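The values are calculated or read from the model by the stated rules, or taken from the named source; none is laboratory data. As the structure is a prediction and not an experimental result, all values here were calculated from the model. As a convention, Cβ positions derive from the backbone with ideal geometry for all residues, glycine included, and neighbour counts pool all protein chains shown. Please note that ligands, DNA and RNA were not included when accessible areas were found on the heavy atoms of the full protein model with its side chains. Shrake-Rupley method; radii C 1.70, N 1.55, O 1.52, S 1.80 Å.
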Amino acid sequence: MAFRGRILAGMMAAVLVAFPALAYDDKIVVGFATAASGFMEAYDKPAQDAAMIRINEINAAGGLLGKKIEVVSADTKSDRAEGAKAGLSVIDQGADLVVVSCDYDFGAPAALAAEDAGLISFFLCAESVKAGIQGVGPHSFSASVLAAVQGATMAEWAYKEKKAKTFYRLLDTWTEYNKGICDGFDWMMPKLEAQGAKLVGQDTFKNDDASIAAQITRIKSLPQEPDAIMLCTMMPGAVSAIKQIRAAGINAMILNGSGVDGSYWLSAVPDLSNFYVPVQGSIYGDDPNPDVQKFNAAYKKATGTDPSSQYVYPGYSMIDVWAKAVERAKTTDADEVVAELEKMKDEPTLFGPRTFTAELHHQNKARYLIVDVEKGKPGVVGSWTISEPVPMSALVK
């Protein structure tokens, strides 16, 4: 009898090996290893809410591959060590896709856990080139546009449209995102210098610096105030830096990346003016695309609040392109879905086309709307697409 029992056990094991995914055959699981607490929640939750809108749309239309998408989640607590645990948690819950935090530094631990498990990871809105092949591996992607594109866009737009000739570069060294903005600016500046622009100085600071008085003194010591300051920073330290620059009487145009989009912080710098950021879509009711305004209304209906910044939008686009790739691959198998994603060239999405290649799982060129803050009120004043894609050499600088 014992021998017969061993035969039956062996047969059952063979069946389980032959059908390893049987328990999940009736559903497709998306796991969110993102911040539900801590400072990263301000970036992650809005993008995750937008992702849920697209998931609900897909489920209402019959699902993906005829199956409902089920969502599981784990809180990274805006902590890198907790991020790794959160990634493992959603993998243990059967995730086919692992969605990670908006920032490379905070999303990478969960993305690396997914890579080790042979699963696709999508950063909600990370904009460092490392949030993909270069920093995680071949199964990792980002739904947003590279920070370097933002820096390059703002420099070229300021020169071409605002006639800025002199620039000052001020880098917050805290995150890869901040460095990426300035990398794009650095790539664009020689092109503009060949046309008459000039970099008149550069400096660095740290996001948690209580004072940037020394940096401000060096700006004020210039023979003439620069036309534009390229400020490569993000929240929470951005508010302090901007406030100190204006309090020192420096009225130069301040250019920044998308990381400071949103009106939620503007009361801290009363009557801020001459401040510009690039956005993928406008949350201010003035987006030229009526479909974006419809999405904003749908977001408010689903969440009870208006979108807080442009970082809502990549969450929706991420689910959209991943689901299209799954449908085309006719499977959730990671390698096959990656192959379909890498075939996408100018794939239409609500917030602009998306292109992925075997070398880059990011966007190195995009049309941006330009938002101008005047007297504390933000609004779209134009749009800009950089004259050429940012090359890999600048992205990995």
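With the simple spin-label model, which puts each label point 7 Å out from Cα in the Cβ direction, the Asn59 to Phe39 separation comes to 3.4 nm.
In terms of its Cα atoms, region 28-177 spans 55, 36, 29 Å along the principal axes, sorted from long to short.
Counting only protein heavy atoms and a 1.4 Å probe, region 258-373 has 39 square angstrom of accessible area per residue.
Using only the Cα atoms of region 235-322, each taken as one equal point scatterer with no solvent, compute I(q) by the Debye sum, divide by I(0), and report log10 of the ratio at q = 0.10, 0.11, 0.21 Å⁻¹. Debye output, listed in q order: -0.31, -0.38, -1.05.
When Rg and the Kirkwood Rh are both derived from Cα coordinates, the Rg/Rh ratio for region 174-258 amounts to 0.95.
Ordering of 160-166, 219-225, 88-94 by packing is 88-94, 160-166, 219-225, highest average first (other Cβ atoms within 10 Å, averaged per residue). So what's the angle, to the nearest 10 degrees on a 0 to 90 scale, between helix 176-193 and the longest Cα principal axis of the chain? With both axes taken from Cα atoms, the answer is about 50 degrees.
Derived from the Cα gyration tensor, the three semi-axes of the equivalent ellipsoid of region 268-366 are 31, 17, 11 Å, largest first. At a probe radius of 1.4 angstrom, the accessible area of region 141-231 per residue rounds to 38 square angstrom.
Among the listed values (i) 5, 23, 33, 27, 11, 2, 0; (ii) 4, 21, 30, 25, 14, 5, 1, 0; (iii) 5, 23, 31, 22, 11, 4, 2, 1, 0, 0, the one computed from these coordinates for P(r) over Cα pairs in 10 Å bins from 0, in percent is (iii). Could you state the angle between the C-alpha long axis of helix 237-247 and the longest principal axis of the C-alpha atoms of the chain, as a value from 0 to 90 degrees rounded to the nearest 10? For 237-247 against the chain, the angle is about 10 degrees.
What's the lysine pair count for region 121-199 at a Cα cut-off below 29 Å, pairs eight or more apart or interchain? Lysine pairs, 8 or more places apart or on different chains, close enough: 16.
The GNM of the chain, with springs linking C-alpha atoms under 10 angstrom apart, assigns the highest mean-square fluctuation among Ala325, Ala42, Ala358 to Ala358. Considering only Tyr177, Tyr264, Tyr316, the Gaussian network model of the chain with Cα springs below 10 Å gives its largest mean-square fluctuation to Tyr264. Annotation: peptides 348-354, 145-151, ranked by per-residue average of other Cβ atoms within 10 Å with the highest first, follow the order 145-151, 348-354. A helix-only calculation puts the chain at -12500 deg cm²/dmol for mean residue ellipticity at 222 nm, using -39500 (n - 2.57) for each DSSP H run of at least four residues, averaged over all residues.
For the options Lys324, Lys243, Lys301, a Gaussian network treatment of the chain with springs between C-alpha atoms closer than 10 Å singles out Lys301 as fluctuating the most. Most simply put, the chain has about 30% antiparallel DSSP beta bridges, counting only bridges with both residues inside it.
Couplings 3J(HN,Hα) of region 312-329, computed from phi: 4, 5, x, x, 5, 5, 4, 5, 4, 6, 5, 5, 4, 5, 4, 4, 6, 7 Hz, in residue order, whole Hz [Karplus 6.51 cos²θ - 1.76 cosθ + 1.60, θ = phi - 60°; x for Gly and Pro]. Surface composition of region 87-242: carbon and sulfur atoms hold 50% of the protein heavy-atom accessible area at a 1.4 Å probe.
Annotation: lysines with alpha-carbon distance below 16 angstrom to Lys220 (same-chain offsets under eight excluded): Lys243. Each residue of region 338-345 is assigned a 3J(HN,Hα), and the resulting list reads 4, 4, 6, 4, 6, 8, 6, 10 Hz, derived from the Karplus form 6.51 cos²θ - 1.76 cosθ + 1.60 (θ = phi - 60°), x at Gly and Pro.
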